[in-house]
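A.B. asks: To start, I am sharing the structure in question, which I have written as structure tokens.
The values are calculated or read from the model by the stated rules, or taken from the named source; none is laboratory data. A quick note: this is a predicted structure, and the numbers were derived from the prediction, not measured. Here the Cβ positions follow ideal geometry from the backbone for every residue, glycine too, while neighbour counts run over all protein chains shown.
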Amino acid sequence: MPRVIITASSFCKNEILCAEVVAAMPDVEIVFHPLNSKSSPLEVATALNGFDGAIVGRELVTAAVLMQANPPRVLVKYGVGMDNIDPAVFAGMSVFATPGSNAFAVAEHTLGLILCLTHNIASCDRQLRAGNWWKNGGTALAGKTIAVVGVGHIGSRVARLMRAFDCQVLGVDVLDRSDVLTEIGARQLDLESAIGMADIVTFHVPLTELTARMVNREFLASMKAGSWLLNTCRGGIVVESELLEALNSGHLAGAGLDVFEVEPTENTELIQHPSVLCTPHTAGNAREAVLAMGRASITAIVSNIKLI
């Protein structure tokens, strides 16, 4: 009997997904063994050893998995982003992703952060709870220029949402996405031009050698004075110490962050900054998104059961 292990912690905690994966593969032994981003490479490799297939989450999957006696032949990533999987693993087994499965949730979360920042919603809430009648409604989103960096599954949805608010949308991508952008009344520009014009810069890119630490002191200085920065993709694209410099100097009006360099974050100076609105990597964790990601993972493992 084939054996499949599920280590994605969010999947393992969801009773609906656990029941559905068992029902989908009645002739497969399924083991639930939740891991997380803090799990060591050896712990992950040991857990996956002896299984034919695996559904993994945010834990680091390194080449150590391939060095075990019986590594999985099929690996499915629960969620989006493959930055936690060593490229060597791709050469040693069949790896499947589920891109776009939570795009709607991340896009909506991004919009929520933008509205809260521009309209001072969270700030007013904190002030009122503290007993202060602080009547500062911020600024309207309509008419603002938005730079969407990364016009993929999530970025394209964010661009559409921003156009619905009568914003001027500038898309930035390494690929030609002008057809998608033109369709919604937006346009594609190079990164330098876009961030220099934008009132809001929002990131929706994977973490790669190209994007790692791209939001550094030089990048932030190139942004328009008084603009906002949003990051709901991967914390590793932002140099947090240099973002703090830009916030403390007043060059940036604020930042909305759902992801951090290290998670859970211990950067108290950043998360307690009065101009920062932050959430604990929950943008893609809406109930519907969790089910969509899980079901996409189930479909991928079932579709490739013949490889197991």
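A.B. asks: Given the criteria touching a Gly at 6+ places or on another chain (Cβ under 8 Å), at pLDDT 95 or above and under 30 Å from LEU66 (Cβ atoms), does HIS153 qualify? Before the answer, list the steps.
C.D. replies: Working: touching a Gly at 6+ places or on another chain (Cβ under 8 Å): yes; at pLDDT 95 or above: yes; under 30 Å from LEU66 (Cβ atoms): yes.
The answer is yes for HIS153.
A.B. asks: Return yes or no: is VAL21 assigned by TED's automatic domain parsing to the domain that holds LYS77, touching a helix residue (DSSP H, G or I) at 6+ places or on another chain (Cβ under 6 Å) and either touching a residue at least 40 places away in the same chain (Cβ under 8 Å) or charged (D, E, K, R) (or both)?
C.D. replies: Numbers: assigned by TED's automatic domain parsing to the domain that holds LYS77: yes; touching a helix residue (DSSP H, G or I) at 6+ places or on another chain (Cβ under 6 Å): yes; either touching a residue at least 40 places away in the same chain (Cβ under 8 Å) or charged (D, E, K, R) (or both): yes.
Spelling it out, VAL21 is indeed assigned by TED's automatic domain parsing to the domain that holds LYS77, touching a helix residue (DSSP H, G or I) at 6+ places or on another chain (Cβ under 6 Å) and either touching a residue at least 40 places away in the same chain (Cβ under 8 Å) or charged (D, E, K, R) (or both).
A.B. asks: On the given criteria, is VAL89 in contact with a Leu (Cβ under 7 Å, 6 or more places away or on another chain), in contact (Cβ under 8 Å) with a residue 24 or more places away in the chain, crowded, with 21+ Cβ neighbours inside 10 Å and not polar (S, T, N, Q)? Break it down stepwise before answering.
C.D. replies: On the way: in contact with a Leu (Cβ under 7 Å, 6 or more places away or on another chain): yes; in contact (Cβ under 8 Å) with a residue 24 or more places away in the chain: yes; crowded, with 21+ Cβ neighbours inside 10 Å: no; not polar (S, T, N, Q): yes.
No, not satisfied.
Yes or no, residue by residue, for (1) in the same structural domain as ALA159 (by TED's automatic domain parsing); (2) surrounded by 15 or more Cβ atoms within 10 Å (Cβ to Cβ):
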| position | (1), (2) |
| --- | --- |
| PHE96 | no, yes |
| ILE114 | yes, yes |
| LEU117 | yes, yes |
| ASN120 | yes, yes |
| ASN132 | yes, no |
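A.B. asks: Of these, LEU128, LEU141, LEU170, which one is over 19 Å from ASP190 (Cα atoms), among the hydrophobic types (A, V, I, L, M, F, W, C) and surrounded by 15 or more Cβ atoms within 10 Å (Cβ to Cβ)? Step through it out loud before you land on a result.
C.D. replies: Details: LEU128 fails: surrounded by 15 or more Cβ atoms within 10 Å (Cβ to Cβ); LEU170 fails: over 19 Å from ASP190 (Cα atoms).
Being over 19 Å from ASP190 (Cα atoms), among the hydrophobic types (A, V, I, L, M, F, W, C) and surrounded by 15 or more Cβ atoms within 10 Å (Cβ to Cβ) holds for just one of LEU128, LEU141, LEU170, which is LEU141.
A.B. asks: Looking only at the stretch 65-77, decide whether some residue is farther than 19 Å from GLY284 by Cα, touching a Pro at 6+ places or on another chain (Cβ under 9 Å) and among the aliphatic types (A, V, I, L, M). Before the answer, list the steps.
C.D. replies: Pass one, the stretch 65-77, residues farther than 19 Å from GLY284 by Cα: 65-75.
Filter once more, keeping what is touching a Pro at 6+ places or on another chain (Cβ under 9 Å): 65.
Filter once more, so that each one left must be among the aliphatic types (A, V, I, L, M): 65.
Checking the stretch 65-77: at least one residue is farther than 19 Å from GLY284 by Cα, touching a Pro at 6+ places or on another chain (Cβ under 9 Å) and among the aliphatic types (A, V, I, L, M).
A.B. asks: On the given criteria, is VAL65 buried (at least 16 other Cβ atoms within 10 Å of the Cβ), in contact (Cβ under 8 Å) with a residue 60 or more places away in the chain and not assigned by TED's automatic domain parsing to the domain that holds THR232?
C.D. replies: Values: buried (at least 16 other Cβ atoms within 10 Å of the Cβ): yes; in contact (Cβ under 8 Å) with a residue 60 or more places away in the chain: no; not assigned by TED's automatic domain parsing to the domain that holds THR232: yes.
For VAL65, the condition - buried (at least 16 other Cβ atoms within 10 Å of the Cβ), in contact (Cβ under 8 Å) with a residue 60 or more places away in the chain and not assigned by TED's automatic domain parsing to the domain that holds THR232 - is not met.
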